[in-house]
Amino acid sequence: QVQLVESGGGLVQAGGSLRLSCAASGRTFSNFCMGWFRQAPGKEREFVAAMSRSGGRSGYADSVKGRFTISRDNAKNTVYLQMNSLKPEDTAVYYCAATDTIRVVTRSREYGYWGQGTQVTVSS
């Protein structure tokens, strides 16, 4: 129905930047709100950022506000997460997710479609 594939993860030093991409296929991309979540070993998956279908609204976890920026290009069926000023505590597997919920939501259980994740490792 909807397939999501993340890319762009890797190893970066603290203070550095990465841009994650999530390519979607299977259904009309613009029909979905998109979100980014992350999960560190032994921890629960947590919300990072989300954006409305049109890109007009976005939301961020307090831990990443001012450092991360979510964006989307509906023509390319792709959502991005620009991560700046990375910290070691940002180390996690980052997941792209899609939901048909109209408003931006932050709870993982409200997202019905998930990518397989991309590893982000921030060294100190």
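The values are calculated or read from the model by the stated rules, or taken from the named source; none is laboratory data. Only a predicted model underlies this, so the values are computations on that prediction, with no experimental measurement involved. Note that each Cβ is placed from the backbone with ideal geometry, even for glycine, and that neighbours are counted across all protein chains shown. Heads up: the accessible areas ignore ligands, DNA and RNA and are worked out on the full protein's heavy atoms, side chains in. Shrake-Rupley method; radii C 1.70, N 1.55, O 1.52, S 1.80 Å.
The alpha-carbon of Lys87 sits under 20 angstrom from the alpha-carbons of these lysines, leaving out residues fewer than 8 places away in its chain: Lys43, Lys65.
When peptides 106-114, 32-40, 46-54 are ranked by their average number of other Cβ atoms within 10 Å per residue, the highest-first order is 32-40, 46-54, 106-114.
Based on Cα contacts under 8 Å between residues 6+ apart, segment 9-124 shows a relative contact order of 36 percent. For the chain, the Cys residues with no second cysteine's beta carbon closer than 4.7 Å are Cys33.
I'd like the carbon and sulfur percentage of the solvent accessible area for the chain, probe radius 1.4 Å, heavy atoms only, ligands and nucleic acids excluded.
Details: 2790 of 6460 Å².
Answer for the chain: carbon and sulfur cover 43 percent of the accessible area.
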